[in-house]
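What follows is a short report on a single structure.
The values are calculated or read from the model by the stated rules, or taken from the named source; none is laboratory data. Every value quoted in this text rests on a predicted model; they were computed, and no experiment measured them. Here the Cβ is made from the backbone with ideal geometry for all residues, glycine too, and neighbour counts use every protein chain on show.
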C-alpha cells in the first residue's frame, strides 16, 4: 500500500511557473493529528476480513523555514490466512522554495524491519533528480513535478477560487521513490460545519469551521498501458488551514476510513521577515 501518499496529499505550482512569494502562501496550521483506521469494505478477491489501526501525522514549519512532516501508519490486517501487523514511519523535509525534498521511510512487518528508503529529490529546470541512499545508492531522472506541501498549497488556492476540477502531479518519496504520480482532483463547494459531526469533539475550537470535500485519484505516471484506472483514491474534508479529516482511502479491492480522534495545534512560527 502507498500509505505515505494517503496523507501527504497536497500541491502548488508546476516547475514551469515561478514559486509564489511567501506572503501568498496560506497560513498552514502546524499540528499533530491522530486518526483511527477501520476497514470500510473489501471484496472477496482481496482476502481481507478486517483492518484496524492508527495514523499519526505531525506537520511543522512555515513558508520561510520550510516544512517538516513526521508520519506513522500502523495497521493490523486480518485475512483468511493470517494476521499481519504493518508499521510505516516517514520523516520528510521540504525547503521553503519547493526546490528540495528529503525523505526517509522505514517499513516494519510484524515488528521486523522490512524496508528502508532514504534520499533527496531536487527540482531542476528540466525535471526532477532523485538521489537515493537506501536501500542502495542510485540516481534517477524523473519528470518535472512538485512536492507534497506545494501540492497542498495549490489545492487550497484552487478551492478558494472555486476551481472544482484540475489535474496535477506529485512526488512524495513513497514506496521506492522512483515515480511521479499524476493526480486528478475534485473539490466540492465549501460546506458549513455540522454540530452532529462525530469528529467535532476532536476538532474542538475548529469544529465550527467550514471545509471543502475533496476527492483525489492517483495514477502511475509511468504506466503506458493506456488504462485510465487509478492506483487508488482518497476523499477527505479539507480545512483552509491545511488540516484534513474524515478520510476514505480506496485501493479498489478494499477501502478503509480514517477518523480524527485527537488534534493538537502548535504555536505558529513567526511571520517571515520582510525582504529588503
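Here are some notes:
- Taken over region 227-276, the criterion of being surrounded by 12 or more Cβ atoms within 10 Å (Cβ to Cβ), at pLDDT below 90 and under 24 Å from residue 60 (Cα atoms) is satisfied by 268, 269, 271, 272.
- Region 172-202, residues that are touching a strand residue (DSSP E or B) at 6+ places or on another chain (Cβ under 8 Å) and not in a loop (DSSP other than H, G, I, E, B): 181, 182, 183, 184, 185, 186, 187, 191, 202
- Count of residues meeting criterion [part of a loop (DSSP other than H, G, I, E, B) and either touching a helix residue (DSSP H, G or I) at 6+ places or on another chain (Cβ under 6 Å) or loosely packed, with under 14 Cβ neighbours inside 10 Å (or both)] in region 141-163: 3
- Residue satisfying condition, being in contact with a strand residue (DSSP E or B) (Cβ under 8 Å, 6 or more places away or on another chain), more than 17 Å from residue 236 (Cα to Cα) and without any contact (Cβ under 8 Å) to a residue 12 or more places away in the chain, within set 138, 169: 138
- Test: residue in region 172-191 that is loosely packed, with under 14 Cβ neighbours inside 10 Å and closer than 27 Å to residue 260 by Cα: yes
- Test: residue in region 120-129 that is over 20 Å from the mean Cα position of the chain (by Cα) and closer than 30 Å to residue 241 by Cα: yes
- Unique match (being in contact (Cβ under 8 Å) with a residue 24 or more places away in the chain, part of a strand (DSSP E or B) and touching a strand residue (DSSP E or B) at 6+ places or on another chain (Cβ under 9 Å)) among 71, 108: 71
- All conditions in (1) closer than 23 Å to residue 69 by Cβ; (2) modelled with pLDDT under 95 hold for residue 195, with the sole exception of (1).
- The residue list 90, 86, 100 contains one member that is at negative phi and crowded, with 22+ Cβ neighbours inside 10 Å, which is 90.
- Output for region 10-51, where each listed residue is modelled with pLDDT under 50 and either under 21 Å from residue 215 (Cβ atoms) or in a loop (DSSP other than H, G, I, E, B) (or both): 10, 11, 12, 13, 14, 15, 16, 17, 18, 19, 20, 21
- Taking the criterion of being surrounded by fewer than 17 Cβ atoms within 10 Å (Cβ to Cβ) and over 25 Å from residue 217 (Cα atoms), the residues of region 123-140 that qualify are 124, 125, 126, 131, 133, 134, 135, 136, 137, 138, 139.
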